[in-house]
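Have a look at the structure below, then the notes.
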Amino acid sequence: MDNTKTEAPKHSPFELWAWLGVLIVLLLVGFVRYRLLDMPLERDEGEYACAGQLLLQGIPPYQLAWNMKLPGTYFMYALGMAVFGQTAAGIHATLMVVNSLTIIFVFVLARRLFGALAGVAACAAFGILSVSPAVMGMAAHANHFVIFFAVWGTLLLWRGEEFYRWSFFFFSGVLYGLALLMKQQGICFCLFAVTMVVWNGFRNRAIFSTVFFRKILFLGIGMILPLAATYKGLQLAGVLPKFWFWTYTYAASYAMEVTPGEGLTRFVDYAEKKWLIYFALLGFILVSLPFVMRDRAYRNQILFAAAFLFFSIFGVAIDLNFREHYFILLLPALGLFVGLAIVALQYATANRFLKIIPPLVCLMVLGWTVYAQREFYFQLPANTISRIVYSGDTPFVDMPAVGDYIRTNSSTSATVAVIGSEPEIYFYAHRRPATGYLYMYALMEPQPFATQMQYEMINEIQTNKPEFLVYITNPDSWNVRPASDQTVLKWFSQYTTNYDKVLALDPVTTVPDKTGKNVATTNIDAIIYKIK
């Protein structure tokens, strides 16, 4: 990736066998996603869906619903729901399209770096893992949208360095800016792009050249544009103070919550639970590393992929929480190294017969990865998968019934307050929230704004007098800690005297476990109140 660069691998747009491989990957992953289209929304999806639904009603982000995430995913949800409908299936259809396009971008990027065979292997590894329960890949998390724009932007960045066209740097910057707009972790890919351009300038001793200045200028302008346009739009909508508080002031205190020791413990816990999904692919990559280090033919491409991997890891670890869906950010880079492993192992031997072995081994590894997750991919119904992946105590499967009850028994102008962290209820009910607090987590955290937030929420509910209150008794929806301020809980027990209890979902029921056997669980625990 410099002025004396290694030539990109030769390939033809008519390499039908490679595109046939991509098609097989798309069909496999698409089948899994299609089978799970109706999977109940989880909390993050509920937040995005609620905000997206409000956008379709002309209500800007941070006016009626607040959270610390940047608003890009809200717009993506709104766009998807406008096309596919305001249902869980419509949201997951949006994810299917975005995920399919990302698979194609991973293929094209890996093909440009390491050749067609590497491209097929890379997109296959990415596609298979992108729908894995190990990364909660069946849910439309913001990270899917981050990597959609980031991989696309990375492809343009590499092509810009190949052909020295300023338009590539500009549009690459726009895509990286959009990746950041999806979620704050997207900044890691912005840093990757800037780092690679600067590093390339130093390597070529062109750091003070006009060429380098133009690269940085066009890349930077591209990155800033989506953020500047969003900032101006939120300012015109009058929601800039709320946006700034939630995405910067409060988000900064949230990011400092986990210590390095706690972060390491969380990573080890994740690795202990999910190692079975990764070990075959990681083993294949590790075996190839000695040959990768000796491969001078792809020196620049390897450096580029290694930097992409480093900043992807940074994105996963940025707040030390190591949540399952954070690892989605790592999957494109992991796919690139699977493709590189095949190329390096083939390059290590001159025997034409032996060159067939690395692709076959990779195929076996990918096949085993699918086999290890066959129940999730091909067998278990969506509701059962939800209960297993999110543990039996989460109430996601039962929230559509709550939303349906409210929608059936209220007018379209009615408002609802969910006392708990289940924002998907607003989406299912197609009713506006009476309070901007979609989650109780911030109110229970040991952070300086917790008490202020509780009183603000109480004041909003008392002022707006929602027709329905939904109280979630599930502890997972609250995460109360010993030091938590419980003012809102005490207030709620008194405020319900103004409401009639109209439905209490039985907190004990039986559901099928992964073997199909019915077991007791305590995951249905919503109480619905209607104003007197």
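Read-outs throughout are calculated quantities, based only on the coordinates presented, and are distinct from any laboratory measurement. Keep in mind that what you see is a predicted model, and the values were worked out from it rather than measured. Heads up, the Cβs are rebuilt from the backbone with ideal geometry, glycines too, and the neighbour counts pull from every protein chain shown.
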Could you run the Karplus curve 6.51 cos²θ - 1.76 cosθ + 1.60 with θ = phi - 60° over the range 323-337 and give me ³J(HN,Hα) per residue in whole Hz, x for Gly and Pro? 6, 3, 6, 4, 5, 4, 4, 7, 5, x, 5, 4, x, 4, 6
Among I328, I419, which comes first, second and so on when ranked by fewest other beta-carbon atoms within 10 Å? I419, I328
Taking the reciprocal of mean 1/r across every pair of different Cα atoms in the range 399-510, the Kirkwood radius in Å is 14.5
On the formula 1/(1 + (r/R0)^6), with r taken between the Cβ atoms of L217 and A306 and R0 of 45 Å, the FRET efficiency rounded to 0.05 is 0.95
The simple spin-label model distance between F267 and A504, using points 7 Å out along Cα→Cβ, in nm, is 4.6
With a point put 7 Å past each Cα toward its Cβ, work out how far A89 is from L360 in nm, to one decimal. 4.4
Between L286 and A483, with labels modelled 7 Å along Cα→Cβ, what's the label distance in nm to one decimal, could you check? 3.8
Highest to lowest packing among 46-54, 475-483, scored as the average C-beta count within 10 Å: 46-54, 475-483
Between the range 311-352 and the range 282-309, what is the separation of their alpha carbon centroids in Å? 10
Taking a virtual spin label 7 Å from the Cα of R294 along the C-beta vector, which residues in the range 348-362 bring their backbone nitrogen under 13 Å of it? 348-351
Partner aspartates and glutamates whose C-alpha sits under 13 Å from that of K501, ignoring same-chain residues fewer than 8 away, are E467
Distance from a point 7 Å along Cα→Cβ of F353 to each backbone N in the range 284-315: keep the residues under 11 Å and list them by number. none
So I have [x] 23.1; [y] 47.9; [z] 25.7, and one of them is mean projected area of the Cα convex hull in nm² calculated from this model. Which one is it? [z]
Expected output is a single nm value to one decimal: the length gained when fully extending between W275 and I224, i.e. 0.36 nm times separation in residues minus the C-alpha distance. What is it? 14.5 nm
FRET efficiency estimate (nearest 0.05) - Cβ-Cβ, T210 to E456, R0 60 angstrom: 0.70
Considering only DSSP beta bridges with both partners in the chain, what is the antiparallel share in %, to the nearest 5? 65
Ranked highest first by average number of other Cβ atoms within 10 Å, how do 193-204, 424-435, 62-73, 212-223 line up? 424-435, 62-73, 212-223, 193-204
Ordered by packing density, taken as the mean number of other Cβ atoms within 10 Å over each peptide's residues, highest first, how do 310-322, 123-135 rank? 123-135, 310-322
